[in-house]
Amino acid sequence: MTWFWLACVALGSIGIGLILGFKGAALLFQPTIQDQNLKLALDRNFALTILRRELANWLFRRDPDRNLQIYREALGAVTAIDSMNRTEQYGQRAGISKKFPWYVDFDLIDSHDYTLYADALSWSNYDEIANHYTTIIRFQALQVAINEDWPRQGPISDKELSHLENYVRKYKDTQLKRRLKAAIHEFYTYRQYENESLKYETATLIVRRVYHFAENRYGVHFKDTGEFGLYGFFFADNRDEPFTNFYRSNADFTEETWLDDMRINEPPI
């Protein structure tokens, strides 16, 4: 019977060795699997952020003020998600996942690389695109709350909201500056045929001379937007070309705020 017990001991040793070996292998590969999950979550979050950025650009170009309001509402939704219990969070994520089973389903544009967003999204209206934009934000916020592998940084923030508020103001300044330049050019063209007239009016704008102690100034009232702007210029340092300034102003042109415009070549729409 000695051979029997020797065989049992041998088989037991082999079994223990296999168990220990499997456990060792599992421990060995565990960090790698965890790293892969983290990287996968990071890539998925990045892809959603890119899709979201495409939609935000389209929304902003059409109505920056409305886009700002949408962002504020989305930030409120993210705050509400953070306050939910786990059951509510899982329920909301399940609802979005049912509508978009695969990450590729979040791609609302789904077009060629070169297709203009205005063309690719022409089938949809502003509200539909805005809703999809906020849905992506909500899904990302839910993943932050539920998925331990997901990046800890939230999809949007108060800091980014502050930047957006400044960016909207800068965009409007860019629009106003371009309109001021066009209005003054139109005014000078008119003066060539109207004996140096100091006032010019059309259906959309009024241009008139405004006194200033240092600059030659003209005030412009844009009737369609209710905006007021100032154009000023002066010569100095024996320059052939004048120094020019553009300001946002009020109805009687007594206030001035220097226009902080974007340095872009294409006109903002």
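Every number in this text was worked out from the coordinates using simple rules, so none of it is lab data. Predicted, not measured: the structure shown is a model, and the values here were computed from it. Cβ coordinates were reconstructed from backbone atoms using ideal geometry, including for glycine residues, and neighbour counts include every protein chain displayed.
Between the beta carbons of Asp110 and Thr204, assuming R0 = 35 Å, the FRET efficiency works out to 0.35 to the nearest 0.05.
Approximating the spin labels as points 7 Å out from Cα along Cα→Cβ, the Trp258-to-Asp63 distance works out to 3.4 nm. Once Rg/Rh (Cα atoms, Kirkwood Rh) is calculated for the structure shown, the corresponding label among (i) 0.96; (ii) 1.30; (iii) 1.05 turns out to be (ii).
Exposure proxy shown here: for Asp65, Asp107, Asp240, Asp173, the number of other Cβ atoms within 10 Å sets the order, fewest to most, as Asp240, Asp65, Asp107, Asp173. Karplus-derived 3J(HN,Hα) values for region 128-138, using 6.51 cos²θ - 1.76 cosθ + 1.60 with θ = phi - 60°, are 5, 5, 4, 5, 5, 4, 6, 5, 4, 4, 4 Hz; glycine and proline are entered as x. Each principal axis of region 180-264 carries a Cα extent, and these read 39, 32, 29 Å when sorted largest first. Between Tyr167 and Asp224, the modelled labels are 2.6 nm apart [label points 7 Å from Cα along Cα→Cβ]. You can think of it this way: the chain between Glu148 and Trp102 has 14.6 nm of extra reach, that is 0.36 nm per residue less the Cα-Cα gap. Straightening the chain between Asp237 and Tyr193 buys 12.7 nm, computed as 0.36 nm per residue apart minus the Cα-Cα spacing. Could you state the angle between the C-alpha long axis of helix 64-83 and the longest principal axis of the C-alpha atoms of the chain, as a value from 0 to 90 degrees rounded to the nearest 10? Its long axis makes an angle of about 30 degrees.
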